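Please treat every number below as a calculation from the coordinates, not as lab data. Remember, predicted model here, so these are calculated numbers, not experimental data. Reconstructed Cβ throughout: ideal geometry from the backbone, glycine too, with neighbour counts over all protein chains shown.
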Amino acid sequence: MRRTLRLKHALILAVLVATPIALKAQVPFCAATFDFQTNTLQGFTLSPLTGANLWHVANNVCQGQLAGHTTPFTLYYGQDQTCNYDTGAQNGGVATSPLVNLAGFAGPITVNFNYLLDIETAESFDQFIVRFSANGGTFGELVSKLLLGMDNAWHAASFDVTSTLGPNPSTAQVRFVFDTVDGLANGGNGVHIDDLTICGVIGVPVAPRVVLMMLAIFVAAVAAMMLRRRAPVV
Ligand SMILES: [Ca+2]
Ligand SMILES: [Ca+2]
């Protein structure tokens with residue numbers, strides 16, 4: 001009788017202890033992926049700076065056909081017909097992602113993308129900057145061309161934005177900015193962006209079978225411990 005009561009108490013204790021920790025598991029998850037594979041902007045908005053804004057979704061042109069990203073579509077700053085950004089004048093534009101919902105996400109949270117740059121390397125011209133907005137705030141600089149490869153080849157970039165988002169992230173937004181500054185030396189392929197993702201860790205419900213299995217193991221362990229204590233000393 002007393003053993004039955006103790007097992008009942010152990011079961012109640014197991015439920016109290018195991019339920020809050022077993023119902024959710026922390027798993028890596030990407031809140032959004034922008035690969036432009038539908039030949040659309042996927043909600044990106046485009047706005048000019050000075051002169052023409054050449055950002056658009058391109059199909060397999062001007063180095064976009066090379067490996068290193070999800071071919072064939074890319075977000076491209078350039079002209080498909082000439083594979084350059086020479087309009088005869090200064091030009092530039094901004095491409096801004098939609099708001100990405102990060103409610104429930106925990107760190108590490110990263111911004112990741114593939115890119116190709118074939119632009120002037122001089123700091124004052126052909127300026128390329130990636131900006132990041134955390135929780136609806138102002139867009140700060142995430143990285144500029146000075147820290148990126150400018151060799152007309154595809155590269156992968158990844159940045160940890162956990163501290164910028166803080167302990168309770170809500171939204172994130174990424175912005176790509178290009179400005180020739182003048183009308184000279186604009187004969188390169190330009191800028192390709194692809195496969196932008198914002199990824200972190202999120203809690204997902206554990207299957208009931210797994211919860212029950214964990215409870216069973218816990219109950220068995222507690223019962224075994226109690227029975228050992230009751231064993232007579234010889
Ligand atoms: Ca793509
Ligand atoms: Ca230039």
Residues being within 21 Å of the chain's Cα centre (by Cα) and farther than 18 Å from T38 by Cα: count how many of those fall in region 69-97. 1
For region 148-159, check the following and say yes or no: at least one residue is more than 20 Å from H69 (Cα to Cα) and either touching a Phe, Trp or Tyr at 6+ places or on another chain (Cβ under 9 Å) or within 16 Å of ligand 2 (Cβ to nearest atom) (or both). no
Looking at (1) of a type in the set (A, V, I, L, M, F, W, C); (2) over 24 Å from the mean Cα position of the chain (by Cα); (3) within 15 Å of ligand 2 (Cβ to nearest atom), which is the one condition that is false for F128? (2)
Conditions: (1) out of contact with any Asp or Glu (no Cβ under 7 Å at 6 or more places or on another chain); (2) more than 16 Å from ligand 1 (Cβ to nearest atom); (3) more than 16 Å from N186 (Cβ to Cβ). T110 meets all but one. Number of the miss? (1)
Qualifying position, being more than 16 Å from ligand 1 (Cβ to nearest atom), touching a strand residue (DSSP E or B) at 6+ places or on another chain (Cβ under 8 Å) and within 23 Å of G200 (Cα to Cα), among D151, D118, D126, D160: D160
Step by step: first the residues of region 175-197, then only those that are within 20 Å of the chain's Cα centre (by Cα) and away from ligand 1 (no atom under 16 Å from the Cβ), then the one that is surrounded by the fewest Cβ atoms within 10 Å (Cβ to Cβ). Which residue is that? R175
Please work out which one of (1) free of Cβ contacts under 8 Å to residues at least 12 places away in the same chain; (2) touching a Gly at 6+ places or on another chain (Cβ under 9 Å) is the condition Y77 fails and give its number. (1)
Region 151-170, subset under 15 Å from F113 (Cα atoms) and aliphatic (A, V, I, L, M), residue surrounded by the fewest Cβ atoms within 10 Å (Cβ to Cβ): A156
Could you identify the single residue in G107, G68, G93 that is in a strand (DSSP E or B), buried (at least 16 other Cβ atoms within 10 Å of the Cβ) and touching a Leu at 6+ places or on another chain (Cβ under 8 Å)? G93
